[in-house]
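J.: Below is one structure. I have some questions about it.
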Amino acid sequence: MQIEVADLPLWLPLGFEAQWPQPLGKLPAVDVPALLARAPAQAERDEALRTSVRQMLRAGGHRPSGRGKPASEYLVRSMEQGGLPEINPAVDLLNAVSFHSGLPISVIDLALAPGPYSVRTCEPGEEYVFNPSGQTLSLKGLLCLCDGTGPCANAVKDCQRTKTSEVTTRSFHILWAPREFEAKARAAFEWYLQESRALGAELAPWDPTTAS
């Protein structure tokens, strides 16, 4: 998968394309407590990482607070209030990895996201709908994954038009990791790949920092 990346010195680009063995709605549910019980300690979130994620998002002018705070912080609150939501295996796995690591993670359905692809900081006036009720998120200054239609995912809330569903068979997952925490991010990434393969996904990792 080819993704054009703007000059973003604070962000460590990591992601993967997944081909699922069946539509997500037909895959076994993810056992989130068991998954978290075997999570690698080297990928565990901490306060310094939380601060770094917010600083990364501020670089383009975004204010990571209130409704604009990183999605990984919402997951911590969700867990404190009763547990992570059950959506589909791909999203449930994503939420578990994001909760444990403190890294915001996005996933899009590639059947709904035409190329070409890029990651860039959004301009004033850009926005998208992020939920079924039609609420919009201002993308000004926010680092976003974009497809041929426009922005579709970021560290705060992903776009409704490209979200996965029970019929999804191909998806792309992207970590919003600060470069200064590369070791922790790579530990989380490797764990994410391992658990995705355990669900039967065929993966194509995307790591342009190691490209020859």
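J.: Which residue pairs have Cβ atoms under 7 Å apart, sit 6 or more places apart or on different chains, and have a first residue in region 196-209 that is at positive phi and in a loop (DSSP other than H, G, I, E, B) and a second that is loosely packed, with under 13 Cβ neighbours inside 10 Å and not aromatic (Phe, Trp, Tyr)?
T.: Once the first residue is at positive phi and in a loop (DSSP other than H, G, I, E, B) and sits in region 196-209, its partners that are loosely packed, with under 13 Cβ neighbours inside 10 Å and not aromatic (Phe, Trp, Tyr) give Gly200/Pro21.
J.: With aliphatic (A, V, I, L, M), modelled with pLDDT of 95 or more and touching a Ser or Thr at 6+ places or on another chain (Cβ under 9 Å) as the only criterion, which of Ala153, Ala96 stands out?
T.: Residue meeting the stated conditions: Ala153.
J.: Yes or no: Pro116 surrounded by fewer than 16 Cβ atoms within 10 Å (Cβ to Cβ), under 20 Å from Gly15 (Cα atoms) and either free of Cβ contacts under 8 Å to residues at least 12 places away in the same chain or in contact with a strand residue (DSSP E or B) (Cβ under 9 Å, 6 or more places away or on another chain) (or both)?
T.: yes
J.: Of the conditions (1) under 18 Å from His173 (Cα atoms); (2) in a loop (DSSP other than H, G, I, E, B); (3) not aliphatic (A, V, I, L, M), Glu17 clears all except one; give me its number.
T.: (2)
So that you can scan it fast, the table gives a plain yes or no per residue for (1) under 16 Å from the mean Cα position of the chain (by Cα); (2) under 30 Å from Glu126 (Cα atoms); (3) surrounded by 12 or more Cβ atoms within 10 Å (Cβ to Cβ):
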| position | (1), (2), (3) |
| --- | --- |
| Pro21 | no, no, no |
| Ala37 | no, no, no |
| Glu44 | no, no, yes |
| Gly68 | yes, yes, yes |
| Tyr74 | yes, yes, yes |
| Pro89 | yes, no, yes |
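J.: In addition: Exactly one condition in (1) over 15 Å from Leu143 (Cα atoms); (2) of a type outside the set (A, V, I, L, M, F, W, C); (3) touching a Leu at 6+ places or on another chain (Cβ under 9 Å) is false for Pro70; which is it?
T.: Going through the list (1) over 15 Å from Leu143 (Cα atoms); (2) of a type outside the set (A, V, I, L, M, F, W, C); (3) touching a Leu at 6+ places or on another chain (Cβ under 9 Å), Pro70 breaks only (1).
J.: Taking region 143-172, which residues are surrounded by fewer than 23 Cβ atoms within 10 Å (Cβ to Cβ), in a loop (DSSP other than H, G, I, E, B) and not charged (D, E, K, R)?
T.: Passing the criteria: Gly148, Thr149, Gly150, Ser165, Val167, Thr169.
J.: Which one of these is over 26 Å from Ala198 (Cα atoms) and in contact (Cβ under 8 Å) with a residue 12 or more places away in the chain: Leu49, Leu75?
T.: Leu49
The values are calculated or read from the model by the stated rules, or taken from the named source; none is laboratory data. Note that the coordinates shown come from a computational prediction; the quantities given were computed from them, not determined experimentally. All Cβ positions, even for glycine, are placed from backbone atoms using ideal geometry, and neighbour counts span all protein chains on display.
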